[in-house]
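*Asks:* Here's a structure for you.
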Amino acid sequence: NAGVTQTPKFRVLKTGQSMTLLCAQDMNHEYMYWYRQDPGMGLRLIHYSVGEGTTAKGEVPDGYNVSRLKKQNFLLGLESAAPSQTSVYFCASSTGLATAEQYFGPGTRLTVT
Amino acid sequence: GENVEQHPSTLSVQEGDSAVIKCTYSDSASNYFPWYKQELGKGPQLIIDIRSNVGEKKDQRIAVTLNKTAKHFSLHITETQPEDSAVYFCAADLSGAGSYQLTFGKGTKLSVIP
């Protein structure tokens, strides 16, 4: 039981390049989330999904797209990376409801030059 | 939307002393308040949570208190140990139908000095 895994762990992009971050969970959780963590800013929600085939915007969605084609996977895409998107990205999953524990992945450190 | 303020941003204590981290929130309809611990290089992990129908909850050396009237809640760690050194985040749930979001505070870096 791996829990929540994220691929890749590190990535360096040039401005304007695109990439996709993959999140996978093996706990059969309905809800999945993408956060970004910046120094002194805490965790900010980018997008989330309440089930396969559904996505919704969080607090800071601009510049990102997501897809949830399979229940166990949640993809975060950057179509045209900008230096402001340099951050550590965390994926999380939960059974559902805002009161359920969120299980976090180990994070992806992305640098955009 | 919900706004969560967390203080202090950094905290240093001697091993064996107590540590207290405080959070305030703005949405009076919030009713779930978790605390997460993030160790270096890892994702956050839930350590304790409290719901609005409870004023205090304890789990060994950690406890959380909630004052709904004043809209603040606190994490208390007693008999601190070096392994308690980490970044701690408080959070509150966003109210409203269909909301599945947590709003996090900006974090407190706790250092326990041996």
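*Asks:* From B:80, B:10, which residue is more than 14 Å from chain A (Cβ to nearest Cβ), within 14 Å of residue B:110 (Cα to Cα) and either in contact with a helix residue (DSSP H, G or I) (Cβ under 9 Å, 6 or more places away or on another chain) or touching a residue at least 12 places away in the same chain (Cβ under 8 Å) (or both)? Break it down into steps so the answer makes sense when it comes.
*Replies:* On the way: B:10 fails: more than 14 Å from chain A (Cβ to nearest Cβ).
Only one candidate qualifies: B:80.
*Asks:* If I ask for residues that are surrounded by 12 or more Cβ atoms within 10 Å (Cβ to Cβ) and more than 14 Å from every other protein chain (Cβ to nearest Cβ), which ones from the range B:83-96 would you list? Break it down into steps so the answer makes sense when it comes.
*Replies:* Taking the range B:83-96 first, the residues surrounded by 12 or more Cβ atoms within 10 Å (Cβ to Cβ) are B:84-96.
Within the range B:83-96, B:84, B:85 qualify.
*Asks:* For the range B:31-45, which residues satisfy the criterion of being within 9 Å of chain A (Cβ to nearest Cβ) and either in a loop (DSSP other than H, G, I, E, B) or of a type in the set (S, T, N, Q) (or both)? Give the derivation first.
*Replies:* Of all residues in the range B:31-45, those within 9 Å of chain A (Cβ to nearest Cβ) come to B:31-32, B:34, B:36, B:38, B:41-45.
Scanning the range B:31-45 gives B:31, B:38, B:41, B:42, B:43, B:44, B:45.
*Asks:* Exactly one of these conditions fails for residue B:42: (1) surrounded by fewer than 16 Cβ atoms within 10 Å (Cβ to Cβ); (2) in contact (Cβ under 8 Å) with a residue 40 or more places away in the chain. Give me its number.
*Replies:* Failed condition: (2).
*Asks:* Being at pLDDT 95 or above, within 13 Å of the chain's Cα centre (by Cα) and small (Gly, Ala, Ser) is the filter here, so list the residues in the range B:92-114 that pass it.
*Replies:* Residues satisfying the conditions are B:105, B:107.
*Asks:* In the range A:24-39, which residues are of a type in the set (S, T, N, Q) and either facing another protein chain (nearest Cβ under 9 Å) or over 18 Å from residue A:8 (Cβ atoms) (or both)? Walk me through it before giving the result.
*Replies:* Here is the first cut: in the range A:24-39, the ones of a type in the set (S, T, N, Q) are A:25, A:28, A:37.
Selection gives A:28, A:37.
*Asks:* Moving to a separate point now. If we scan the range A:51-58, do we find a residue that is of a type in the set (Gly, Ala, Ser), assigned to a strand (DSSP E or B) and surrounded by 14 or more Cβ atoms within 10 Å (Cβ to Cβ)?
*Replies:* The first filter runs over the range A:51-58 and keeps only residues of a type in the set (Gly, Ala, Ser), leaving A:51, A:53, A:56, A:58.
Right, trim to assigned to a strand (DSSP E or B) and you get A:56.
Remaining after also requiring surrounded by 14 or more Cβ atoms within 10 Å (Cβ to Cβ): A:56.
Looking for residues that are of a type in the set (Gly, Ala, Ser), assigned to a strand (DSSP E or B) and surrounded by 14 or more Cβ atoms within 10 Å (Cβ to Cβ), one finds at least one in the range A:51-58, hence yes.
*Asks:* Now for a different question. Within the range A:60-113, restricting attention to residues that are charged (D, E, K, R), surrounded by fewer than 17 Cβ atoms within 10 Å (Cβ to Cβ) and touching an Asp or Glu at 6+ places or on another chain (Cβ under 9 Å), which residue is nearest to the other protein chains (Cβ to nearest Cβ)?
*Replies:* Within the range A:60-113, the subset charged (D, E, K, R) is A:62, A:68, A:70-71, A:79, A:101, A:109.
Add one more test, that the residue is surrounded by fewer than 17 Cβ atoms within 10 Å (Cβ to Cβ), and what stays is A:62, A:70-71, A:79, A:101, A:109.
Those left that are additionally touching an Asp or Glu at 6+ places or on another chain (Cβ under 9 Å): A:70-71, A:101.
Numbers: A:70: 19, A:71: 16, A:101: 5 Å.
In this case the residue turns out to be A:101.
*Asks:* Let me ask something else. Taking the stated definitions as given, is residue A:42 at the interface with chain B (Cβ under 10 Å from one of its Cβ atoms) and surrounded by fewer than 19 Cβ atoms within 10 Å (Cβ to Cβ)?
*Replies:* No: the conditions fail for residue A:42.
*Asks:* What are the pairs with Cβ atoms under 9 angstrom where one residue, in the range B:89-109, is part of a loop (DSSP other than H, G, I, E, B) and the other, located anywhere, is of a type in the set (Lys, Arg) and modelled with pLDDT under 90? Sequence gap at least six, or different chains.
*Replies:* Here the result reads none, with nothing in the range B:89-109 linked to a residue that is of a type in the set (Lys, Arg) and modelled with pLDDT under 90.
The values are calculated or read from the model by the stated rules, or taken from the named source; none is laboratory data. Because the structure is a prediction, the values reported are computed rather than measured. Every residue, glycine as well, gets a Cβ built from its backbone with ideal geometry; the counts of neighbours run over all protein chains shown.
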